[in-house]
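> Just dropping this structure here.
The values are calculated or read from the model by the stated rules, or taken from the named source; none is laboratory data. Note that the structure is a prediction, hence the values are computed from the model and not measured. Quick reminder, even Gly has a Cβ in these numbers, built from the backbone with ideal geometry, and neighbours come from all protein chains shown. Accessible surface areas use protein heavy atoms only, side chains included; no ligands, DNA or RNA. Shrake-Rupley method; radii C 1.70, N 1.55, O 1.52, S 1.80 Å.
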Amino acid sequence: MPGEFALIDRYFARPTPSAALGPGDDCALLQPTPGMQLAVTTDMLVAGAHFLPDTDPKNLGWKTLAVNLSDLAAMGARPRWATLAGALPDADANWIAAFADGFFACADAYGVELIGGDTTRGPLNLCVTAFGEIAPGRALRRDGAQVDDQIWVSGRPGLAALGLAQLQGRVDLPALLPEPWPRLCLAALEKPQPRVALGQALVGVASAAIDVSDGLLADLGHIARRSGCAAAVRLTRLPHLPKGERYDAGLQKLARECQVAGGDDYELCFTAPCAQHNAIGEIAAGLELPLWCIGEMLAGPSGAVTVFDPDGQPVEFQHKGFEHFD
């Protein structure tokens, strides 16, 4: 069984040409691009809380980095570097090799260098710190939304939560939905695509942004709270839910709950002035990514998010998002 340092050298040591000093010393040394600010984020993934213990290690490697890059995307930052710390139950060479393959596939896709980290024995727990760059005063923040701004979301929130429901045995998607929907739901859960290009395209266009990790309504609530506004979401404007011949009321209810509160989507929810509507349409076309205008910011109780049905009546949802300590 390889020791800690042999494990790191074998699976995670790679050249880091953009770092002044990469792995192998007590610290990495970074030289940001002159005139740029660093955007720094950390996310932890814990077996049983953030992923199922039998998750494919290659997909898990991708997701471990992707969820951090999603935070950089929400700020409009360009990803540059990352560190990786992991607690592993044992040094399973096949598992680690597959995990590393997935991690570096994501790193290569988004131009990220692994500059250091740590390993220890313990319950499976993975933690990345990611570093990006953004010009001063250009970062997308949560506190910039204004009354009358439009609310937008990318992609199709809810697919990841439906994928989790499938893996947990709460729904049989292949029996209820035609392909590619069951496959897309599992892919959204296990291999999320951080919207890095979208975040960068929204700099100077969006007034506020957040990535949808805990649920659409919950994360939109963070924007509303930090911006001192309320938010109205129009049910009829939400992305179309997947449908099939055997799509029944039970699945429709579950799908809607997943859409507004499921989380783990890593899409971007953002606000923008009405005057930017056409520009956002052009961004959607250029990226070949659906962007949905789902509501507007209102004067009202800070942080309040209300969903309205087609008749303009408020719709109540039991859950609005994920909380670790509920």
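> Test each condition in (1) in a helix (DSSP H, G or I); (2) without any contact (Cβ under 8 Å) to a residue 40 or more places away in the chain; (3) among the hydrophobic types (A, V, I, L, M, F, W, C) for Ala66 and report the one that comes out false.
(2)
> While we're looking at this one, here's another question. Note down all Cβ pairs under 6 Å where the first residue falls in the stretch 190-218 and is farther than 14 Å from Ile280 by Cβ and at pLDDT below 95, the second is open to solvent by less than 10 Å² (accessible area, probe 1.4 Å) and of a type outside the set (Gly, Ala, Ser), and they're at least six residues apart or on different chains.
none
> Filter the stretch 129-159 down to residues that are small (Gly, Ala, Ser) and surrounded by fewer than 17 Cβ atoms within 10 Å (Cβ to Cβ) and give me whichever is nearest to Ala87 (Cα to Cα).
In the first step, residues of the stretch 129-159 are kept if they are small (Gly, Ala, Ser); the result is 130, 132, 135, 137, 139, 144-145, 154-155, 158.
Narrowing further to those that are surrounded by fewer than 17 Cβ atoms within 10 Å (Cβ to Cβ): 135, 137.
Working: Ala135: 35, Gly137: 37 Å.
This residue is Ala135.
> Out of all the residues in the stretch 172-189, which are at pLDDT 95 or above and in contact with an Asp or Glu (Cβ under 8 Å, 6 or more places away or on another chain)?
Within the stretch 172-189, Ala188, Leu189 meet the criteria.
> Collect the residues in the stretch 266-320 that are small (Gly, Ala, Ser) and either farther than 14 Å from Cys229 by Cβ or in contact with a helix residue (DSSP H, G or I) (Cβ under 8 Å, 6 or more places away or on another chain) (or both), keeping them in residue-number order. So that I can check it myself, show each step before the final result.
Start the filter on the stretch 266-320 by keeping residues that are small (Gly, Ala, Ser), which leaves 272, 275, 279, 281, 284-286, 295, 299-300, 302-304, 312.
Of everything in the stretch 266-320, those that are small (Gly, Ala, Ser) and either farther than 14 Å from Cys229 by Cβ or in contact with a helix residue (DSSP H, G or I) (Cβ under 8 Å, 6 or more places away or on another chain) (or both) turn out to be Ala272, Ala275, Ala279, Gly281, Ala284, Ala285, Gly286, Gly295, Ser302, Gly303, Ala304, Gly312.
> Taking Gly204, is it of a type outside the set (D, E, K, R), buried (at least 22 other Cβ atoms within 10 Å of the Cβ), closer than 28 Å to Pro79 by Cα and out of contact with any strand residue (DSSP E or B) (no Cβ under 8 Å at 6 or more places or on another chain)?
Details: of a type outside the set (D, E, K, R): yes; buried (at least 22 other Cβ atoms within 10 Å of the Cβ): no; closer than 28 Å to Pro79 by Cα: yes; out of contact with any strand residue (DSSP E or B) (no Cβ under 8 Å at 6 or more places or on another chain): yes.
Spelling it out, it is not the case that Gly204 is of a type outside the set (D, E, K, R), buried (at least 22 other Cβ atoms within 10 Å of the Cβ), closer than 28 Å to Pro79 by Cα and out of contact with any strand residue (DSSP E or B) (no Cβ under 8 Å at 6 or more places or on another chain).
> Determine whether the stretch 261-273 contains at least one residue that is of a type in the set (Phe, Trp, Tyr), farther than 12 Å from Trp152 by Cα and in contact (Cβ under 8 Å) with a residue 40 or more places away in the chain.
Within the stretch 261-273, the subset of a type in the set (Phe, Trp, Tyr) is 266, 270.
Pick out the ones that are also farther than 12 Å from Trp152 by Cα and you get 266.
Now drop any that are not in contact (Cβ under 8 Å) with a residue 40 or more places away in the chain, which leaves 266.
Among the residues of the stretch 261-273, at least one is of a type in the set (Phe, Trp, Tyr), farther than 12 Å from Trp152 by Cα and in contact (Cβ under 8 Å) with a residue 40 or more places away in the chain, which makes the answer yes.
> Consider Leu29 against the criteria (1) open to solvent by 60 Å² or more (accessible area, probe 1.4 Å); (2) in contact (Cβ under 8 Å) with a residue 12 or more places away in the chain; (3) farther than 29 Å from Gly163 by Cα: it satisfies all of them except one. Which criterion is unmet?
That leaves (2) as the condition not met.
> Being touching a His at 6+ places or on another chain (Cβ under 6 Å) and open to solvent by less than 30 Å² (accessible area, probe 1.4 Å) is true for just one of Ala224, Ala232, Ala261. Which residue is that? Show your work before the answer.
Working: Ala224 fails: touching a His at 6+ places or on another chain (Cβ under 6 Å); Ala232 fails: touching a His at 6+ places or on another chain (Cβ under 6 Å).
It is Ala261.
> Which of the residues belonging to the stretch 113-142 are more than 19 Å from the chain's Cα centre (by Cα) and in a loop (DSSP other than H, G, I, E, B)?
Once the filter is applied, which keeps residues that are more than 19 Å from the chain's Cα centre (by Cα) and in a loop (DSSP other than H, G, I, E, B), the stretch 113-142 yields Gly122, Pro123, Leu124, Ala135, Pro136, Gly137, Arg138.
> Going through Ala66, Ala19, Ala97 one at a time, which residue ends up being open to solvent by less than 10 Å² (accessible area, probe 1.4 Å) and either of a type in the set (A, V, I, L, M) or on the phi > 0 side of the Ramachandran plot (or both)?
Details: Ala19 fails: open to solvent by less than 10 Å² (accessible area, probe 1.4 Å); Ala97 fails: open to solvent by less than 10 Å² (accessible area, probe 1.4 Å).
That would be Ala66, the only listed residue that is open to solvent by less than 10 Å² (accessible area, probe 1.4 Å) and either of a type in the set (A, V, I, L, M) or on the phi > 0 side of the Ramachandran plot (or both).
> Pick from Leu114, Leu126, Leu162: which is buried (at least 20 other Cβ atoms within 10 Å of the Cβ), over 30 Å from Gly24 (Cβ atoms) and touching a residue at least 60 places away in the same chain (Cβ under 8 Å)?
Numbers: Leu114 fails: over 30 Å from Gly24 (Cβ atoms); Leu126 fails: over 30 Å from Gly24 (Cβ atoms).
Checking each option against the conditions leaves just Leu162.
> When the residues of the stretch 70-94 are narrowed to those that are under 22 Å from the mean Cα position of the chain (by Cα) and among the polar types (S, T, N, Q), which ends up least open to solvent (accessible area, probe 1.4 Å)?
So the first thing to find is which residues in the stretch 70-94 are under 22 Å from the mean Cα position of the chain (by Cα), and the list is 70-86.
Among the residues that remain, those that are also among the polar types (S, T, N, Q) are: 70, 83.
On the way: Ser70: 0, Thr83: 39 Å².
Selected residue: Ser70.
> Here is a follow-up. Assess whether Asp148 counts as being more than 15 Å from the chain's Cα centre (by Cα) and modelled with pLDDT of 95 or more. Quick ask: steps written out before the conclusion?
On the way: more than 15 Å from the chain's Cα centre (by Cα): yes; modelled with pLDDT of 95 or more: yes.
In short, yes.
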